[in-house]
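Since the structure comes first, as structure tokens, the remarks are kept for the end.
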Ligand SMILES: [Zn+2]
């Protein structure tokens, strides 16, 4: 279960719409709790990129992740997951997403089209990395 405040859900949707037709991506900063995670802030990554890099698929470089982790620590938060958008396709993880994910983290995916967003789901990878399971989002 992941708790996400309305404000952060809106930020993810707006980021996705802004980056359309490209995929947006960013970090979910918060805390791990006994039964899941709580998100306190989003940390957008893709909109700080060069135009050419935006054409690439969703991928966060180690440098970007380290910068995000440093920022999170400065706020006494942790990286609890990642978010990205699927322009003109469903909010379910692709094979590429499965191959580039790690267990424990949450992966929020939002489906976007011209000027709007629709489905938004959170996914958690099975510990053997074989598949994703949908994770319940509790909106605060
Ligand atoms: Zn994806």
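Throughout, read-outs are computed from the coordinates displayed, never taken from laboratory work. In this text, all values refer to a predicted model and were calculated from it rather than measured experimentally. Cβ: placed from backbone, ideal geometry, glycine included. Neighbour counts: every protein chain shown.
Calculate the FRET efficiency for residue 35 and residue 100 from the Cβ-Cβ distance with a Förster distance of 22 Å, rounded to the nearest 0.05.
The value I calculate is 0.25.
Determine the relative contact order of the chain: mean sequence separation of Cα pairs under 8 Å and six or more apart, normalised by residue count, in whole percent.
Reported as a whole number, the value is 29 percent.
Cut-off is 10 Å between beta-carbons; in what order do 80, 17, 92 appear when sorted fewest neighbours first?
92, 17, 80
For the chain, compute Rg over Rh where Rg is the Cα radius of gyration and Rh is the Kirkwood radius from the inverse mean 1/r over Cα pairs.
0.93
Just report the Cα centroid separation between region 72-109 and region 1-41, whole Å.
Answer, in whole Å: 9.
So, in nm, how far is label residue 73 from label residue 128 when the simple model puts each one 7 Å beyond its Cα toward the Cβ?
3.6 nm
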